[in-house]
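Before we start, here is the structure in question, set down as structure tokens.
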Amino acid sequence: MSRIDLFKQHLEEKRAVKIIAGIDNFDIENIKKVVSSAEKSGASAVDICAREDIVSEIRSMTDMPIFVSSVVPSELVRAVELGADGIEVGNFDTLYKEGRSFSASEVLSIVEETKSMLEGMDVFFCVTIPGEISISEQIELAHKLEEMGIDLIQTEGHYTSAVEMEGARALMDRAELTLSNTVELTRNVDIPVMTATGINPTTAPFAFAAGASAIGCGSCVNKLSSDLSMVATCSALVEIAKNNAVKVAQLV
């Protein structure tokens, strides 16, 4: 069994949990803590930046499935050469903060170039659907990605409220758009969907209820200050995912 088979199995059981260190997180000590916490909790995979030295170091410390996120095809291909099990075109949040935006055609262009460079290489391929484009465009893009043989699509919210909120309301407000995008996409395509942006132990059950086969969780883990809290949060997410798998199995 290859490393990525664990993630594929969890995806099929609708219980996959990907812990995201961050596309712009180059703090190797923090990344190691995130990866260690994900591994101890039984998460399905981790997602890290594309910097070569970091990919190599994290690959050497874990047998967990590793995803690498970038919008640069050459970086994704190099990550595969260094041992990444999956690649993701996306995790755009940080790039939005820099003033960048991504159209459906731009995403397709990046995917096509990456696939052409990966010819003959076996790698799990995930693509983020930009949350800022219309839902009709998202669905059309998802259909095209499905036709291209992409393995997984990831939703995002890309939503910032101008109103300061606290507690559960703030958590739900952050995740609202990605959850609605998940509902629409799972209704319209057969390709598995991973819900990300604002997903944490409070909002994760809603992602699975919306039809997600997987959740991508970043800031609720990588912003924590202690190893113990990281492990506890990852464990809570994994438990939620396991409960969803049980519910799904009972319905079959």
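Values in this text are rule-based calculations from the coordinates and carry no lab data. A quick note: this is a predicted structure, and the numbers were derived from the prediction, not measured. Here the Cβ is made from the backbone with ideal geometry for all residues, glycine too, and neighbour counts use every protein chain on show.
For a quick check, take a GNM of the chain with Cα springs below 10 Å and name the residue from T94, T182, T197 with the largest mean-square fluctuation.
T94
Using a cut-off of 11 Å between beta-carbons, work out the net charge of the residues near I215 (Lys and Arg +1, Asp and Glu -1, I215 not included). Please report the intermediate quantities before stating the final value.
On the way: positive: K14, R15, K18; negative: none.
In short, +3.
Please work out the FRET efficiency for the pair S225 and E52, using the Cβ-Cβ distance as r and a Förster radius of 22 Å; give the result to the nearest 0.05.
0.20
Between D190 and E12, what length in nm is gained on full extension when 0.36 nm per residue of separation is reduced by their alpha carbon distance?
Length gained, D190 through E12: 62.9 nm.
With a 10 Å radius around each residue's Cβ, average the other Cβ atoms per peptide and rank 246-252, 208-214, highest first.
Answer by packing, highest mean first, reads 208-214, 246-252.
Could you put R59, R100 in order, starting from the residue whose Cβ has the fewest other Cβ atoms within 10 Å?
Going from least to most buried by this count: R100, R59.
In the chain, what percentage of the DSSP-assigned beta bridges are antiparallel, given to the nearest 5?
In the chain, DSSP labels about 0 percent of beta bridges as antiparallel.
Between M64, M148, M230, where does the largest GNM mean-square fluctuation fall for the chain, given springs only between Cα atoms within less than 10 Å?
Answer for the Gaussian network model of the chain: M148.
Let me ask something else about it. Taking the alpha-carbon distance from K40 and a cut-off under 22 Å, which lysines remain once sequence neighbours fewer than 8 residues away in the same chain are dropped?
K8, K14, K18, K32, K223, K242
Further question: So what's the projected area for the chain, the Cα convex hull averaged over all directions, in nm²?
Mean shadow area of the hull around the Cα atoms is 12.9 nm².
Now for a separate question. At R0 = 25 Å, how high is the FRET efficiency between H143 and D122 if r is their beta carbon distance? Nearest 0.05 is fine.
FRET efficiency, H143 to D122: 0.55.
For Cα pairs less than 8 Å apart in space and 6+ apart in sequence, what is the mean separation divided by the residue count of the chain, i.e. the relative contact order in percent?
Numbers: 474 pairs, mean separation 56.2, N = 252.
Reported relative contact order: 22 percent.
Would you look at the GNM of the chain, springs on alpha carbons closer than 10 Å, and say which of T62, T186, T155 moves the most?
Looking only at T62, T186, T155, the biggest GNM fluctuation is shown by T62.
For a quick check of your reading of the filter: which GluC sites (Glu not before Pro) in segment 88-130 sit in a DSSP loop and have no more than 12 other Cβ atoms within 10 Å?
E98, E119
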